[in-house]
Amino acid sequence: MNIDEQAIRKGVAAWEASWNKHDMNEMATLLTEDSEWVNVVGMWWRGRADVRQAHVVYHDTVFKETPYHAQAVTVRFVTPDTAIASVKWKKGSFVAPNGVTYPEAEDMMSMLWVRQSGKWLIALGHN
C-alpha cells in the first residue's frame, strides 16, 4: 500500500471519527470547497458549506445517536491525483422524521478523493 492510499484510508477513518463525534466542523475539513454530496435518499448538496450544514441538521436530529463504522474500504486510483474509495459501512438504528425506526444496517458509500495542495480531500460523496 502506497502513501497516497494510506492517506485516503486515514481520511475515511477521519470521516468515521467525525461522524461518531457528531463534529460536522471537523468533517467539513475533509471536503473540497466545491464538494458535492448525495445522501441515502437522493438529496444533493453542493459546496462545503451546504454539505456541512445538511450534516449538522441531520446529526442534531435523526443521527444524533447513530454510530457509523467503516467495515471495508477499497481504493482505486483513476489518476495520480484522483481516487475512488468504496466504503462498506454499518450504521446504527435511527428514527426518521416520519417516526419510522430503521434498524442497524449495512450500506455502501462512494467517495471521490482528489489531491489539492498536497492534501487528499473529498470532492464527491454518494450513499
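Structure notes:
- Filtered residues of the stretch 16-42 (kept if in contact (Cβ under 8 Å) with a residue 40 or more places away in the chain, under 19 Å from residue 85 (Cα atoms) and surrounded by 14 or more Cβ atoms within 10 Å (Cβ to Cβ)): 16, 19, 30, 31, 32, 35, 36, 37, 38, 39
- Among (1) without any contact (Cβ under 8 Å) to a residue 40 or more places away in the chain; (2) surrounded by 13 or more Cβ atoms within 10 Å (Cβ to Cβ); (3) under 14 Å from residue 113 (Cβ atoms), the one test that residue 11 misses: (1)
- Of the set (1) within 11 Å of the chain's Cα centre (by Cα); (2) under 25 Å from residue 1 (Cα atoms); (3) free of Cβ contacts under 8 Å to residues at least 60 places away in the same chain, all apply to residue 87 but (3).
- Breaking point among (1) under 14 Å from residue 39 (Cβ atoms); (2) of a type outside the set (Val, Ile, Thr); (3) open to solvent by less than 30 Å² (accessible area, probe 1.4 Å), for residue 113: (1)
- If you filter the stretch 43-78 down to residues that are under 20 Å from residue 99 (Cα atoms) and open to solvent by less than 50 Å² (accessible area, probe 1.4 Å), you find that the one that is nearest to the chain's Cα centre (by Cα) is 55.
The values are calculated or read from the model by the stated rules, or taken from the named source; none is laboratory data. Just so you know, these numbers come straight off a predicted model, no measurement behind them. Reconstructed Cβ throughout: ideal geometry from the backbone, glycine too, with neighbour counts over all protein chains shown. Please note that ligands, DNA and RNA were not included when accessible areas were found on the heavy atoms of the full protein model with its side chains. Shrake-Rupley method; radii C 1.70, N 1.55, O 1.52, S 1.80 Å.
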